[in-house]
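This report refers to the structure that appears directly beneath it.
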């Protein structure tokens, strides 16, 4: 099977978009937070530097921005802007010469690690869920869905802009991602924007490319929804590698705790089916009604009760409205609540609780490197350097490449490392987070995966594509309150 790479129309011929995306986009699970003046200034400075460096090296602005030099220039500009605003607890460790030296920029920001993204999303634009929508409904209407395909006949032809071809391009051509777990959003069975059968079909599209097995699947389980626990056996037979749940979600609007009867029954059933990974969405409440069940007080106790099961905490318990600081045992939500829960239950670092970075890393690293440094430092210290997992929550943030490049360069300031006992982010630690850590709960071999992926059809297509790359550098998730409310209608099951 060959990918269609024939479209040579540049999606951003004037180079208006920066390769590192600093904007208000969210994954639809929290209200977009507008950029303040200092962040708008960061974008302005990065744009000015891009134009200046492009002229110096004799390239068009678009050509410069699609290169490693463009990414280096953008991150260095962000460093300067953050420093001016006093955000110096973390920074992007890049040589000042990198924007003018392609080999140097590529050495610092180019592909070198095995990258296993444990939280990716895809929406079937022609799935059965679209046939139950009321007339005039425009779910998933977002900047990305304004592409040329949206002009085709049909009320919801715009959804073709986020179809499987675009998914493959964003994840496997425009980014360094090797392997991704396709996850699910909370919904009733009737309203699922991606069913397990449709997800399997998408996986099969990629699997046919020399049997690369680049997509793994979750099975979505709401134990407080009738029939879901009973359906877990069917999902297990389909080859899911984990069960995904949202403790703040329920068909009647009520969430649950993992330590409730329903939660325990869920874990017991997964254990019996030998699906050892329970992925638990935490930290991004779907409004005040679900706030309580989005916190992490139940994680330590359930992990202690089931030591042979793995509990992957999506978003690491992150709460977007607050800045991250050093660990505070008085805080009852966010990463600190996750830390308190495992400490109280005597769940040791690097045991069976894992912290996943989707949305958390993207939001903090771009907006406030000091908060990002505290978040990562606490997770490494209390959850364990072997148990922090790479996830990007893409497609909501477009191609995950900017998140990858930002993490590749990020460093915790020495002052914070010395004061709070945070580790230095070494190449070895980056490689763990990027993919090696996830091979443990998913019982995979990075070496074996590399043997499949390095010469498969996607790898070959990517080499050809990189001769003339055409990344769009766009985010897909809502960037305004109106877009957020439009997406929320089905995403969280709330009006």
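Summarising the strand pairing of the chain, around 10 percent of its internal DSSP beta bridges are antiparallel.
Judged by the mean number of other Cβ atoms found within 10 Å, the most tightly packed of the peptides 228-234, 431-437 leads the ranking 431-437, 228-234. Pairwise Cα distances in the chain exceed 30 Å for 44 percent of all pairs. Between residue 9 and residue 464, full extension at 0.36 nm per residue minus the direct alpha carbon distance yields a gain of 162.2 nm. Each of the peptides 251-262, 382-393 was scored by the mean count of other Cβ atoms within 10 Å over its residues; in descending order, highest first, they stand as 382-393, 251-262.
FRET efficiency for the residue 51 to residue 95 pair, using the beta carbon distance and R₀ = 22 Å, is estimated at 0.60. Within the range 330-446, the percentage of alpha carbon pairs spaced more than 20 angstrom apart rounds to 41%.
For the chain, relative contact order (Cα pairs under 8 Å, six or more residues apart, normalised by length) works out to 23 percent.
Peptides 269-280, 171-182 ranked from most to least packed by the mean count of surrounding Cβ atoms within 10 Å: 171-182, 269-280.
By the Stokes-Einstein formula, at 0.692 mPa s and 37 °C, the range 1-100 with its Kirkwood radius over alpha-carbon pairs has D equal to 219 µm²/s.
None of the figures in this text is laboratory data; all of them are computed from the coordinates on show. Nothing here was measured: the structure is a model prediction, and the numbers come from that model. Neighbour counts are summed over all protein chains in view; Cβ atoms, including those assigned to glycine, are modelled from backbone coordinates with ideal geometry.
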